[in-house]
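Beneath this line is the structure, given in structure tokens, with notes to follow.
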Amino acid sequence: SQLRGELKSKVQNAVIGHYGVHGLPKSKLKARIAALLHEHAYVSQNPDKVSLSLLSVQWLRKRGEATGKYAAAFNPVPLPTLALIATAIECALRDYVKGFKEIRRGVNEFSGDSYRGSYDSHLCTLQRQEQKHPQLILKL
């Protein structure tokens, strides 16, 4: 869908700087990506900063609209939205799994068929966190 495509494009730009992979040689890039993807480590490395950054870029500053226009819909941020962002981050990181950005069509499509399991896993984790620590989720 168009939303997934837009989100993946924005995430691809954000993950390079956020996770410190810009300019790494191929071998180090491969190792860094593998480490980030291992047990979803990319989520535990300052998730609120990257998630909120992507949230604001995707939905709160769209095509010159006022930042606050959608603010009420994201206070607190819905768990499915956070799960979608985490899944998009995984997809963007997987573009670099070979040590370079591979963006050929069909190689790593951000589709429901390809990433449903990952999305469900992120959503389940967030729901468990919300039950254990509701204030943590509200802070996002």
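The values are calculated or read from the model by the stated rules, or taken from the named source; none is laboratory data. The model shown is predicted, which means the values in this text are computed figures rather than measured ones. With ideal geometry, Cβ positions are generated from the backbone for all residues, glycine too; neighbour counts draw on all protein chains shown. Please note that ligands, DNA and RNA were not included when accessible areas were found on the heavy atoms of the full protein model with its side chains. Shrake-Rupley method; radii C 1.70, N 1.55, O 1.52, S 1.80 Å.
Here are the numbers for this structure:
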| read-out | value |
| --- | --- |
| Enumeration of residues in segment 3-32 that are more than 17 Å from the chain's Cα centre (by Cα) and of a type in the set (A, V, I, L, M, F, W, C) | L24, L29, A31 |
| Any hit, segment 29-41, residues being at positive phi, part of a helix (DSSP H, G or I) and open to solvent by 30 Å² or more (accessible area, probe 1.4 Å) | yes |
| Extreme residue, farthest from L36 (Cα to Cα), among residues of segment 73-93 that are touching a residue at least 60 places away in the same chain (Cβ under 8 Å) and assigned to a helix (DSSP H, G or I) | L84 |
